[in-house]
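**Student:** Take a look at the following structure, please.
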Amino acid sequence: MKNDFTLNFGKFKGQQFLSTPSWYQSWLPNQSWFKMPVQLDAMQQAQKSISQLSNSLRNWNGYSQRGVAIEGQIFEAEMRIENLLYCDCGNRKNEDEKDCGCGGIWAI
């Protein structure tokens, strides 16, 4: 699986979705005719969560329990992204696949 896909229609035809302007990345998923790939949608939600949480850590002195909890939430969101991108064997997943194609033989 990739973290991006190539658009085959519209104004940005032939471009990677994540390289399009942010207004387009916000507009396109809200169209009733467009179906966002599940993995990419989950990844965008995790990235948005990281961004919002990072903003709430501004001016954190490194000591409060609230800041530590927010850091933990950021870590969890980053792990969700990694799980979407990489197989358990450490290789990058194939597009629209659950694993990299290694077959899990190494795990026996």
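Laboratory data are not the source of any read-out in this text; all were calculated from the coordinates shown. Note that the structure is a prediction, hence the values are computed from the model and not measured. Positions of Cβ are generated from backbone atoms using ideal geometry, with glycine treated the same way; all protein chains shown enter the neighbour counts.
**Student:** What number comes out for the charge environment of residue 60, summing +1 per Lys or Arg and -1 per Asp or Glu over other residues with Cβ under 14 Å away?
**Tutor:** Taking every other residue near residue 60 into account, the sum is +1.
**Student:** Using modelled amide H (1.01 Å from N, peptide plane; none on Pro or chain starts), what sits under 5 Å from the amide H of residue 86, excluding residues fewer than 5 places away?
**Tutor:** 93
**Student:** Still on this structure, please answer the following. Return the sequence-ordered ³J(HN,Hα) values of the stretch 70-81 in whole Hz as given by the Karplus equation 6.51 cos²θ - 1.76 cosθ + 1.60 applied to θ = phi - 60°, using x for Gly and Pro.
**Tutor:** 5, 4, x, 5, 5, 4, 4, 5, 5, 5, 4, 5
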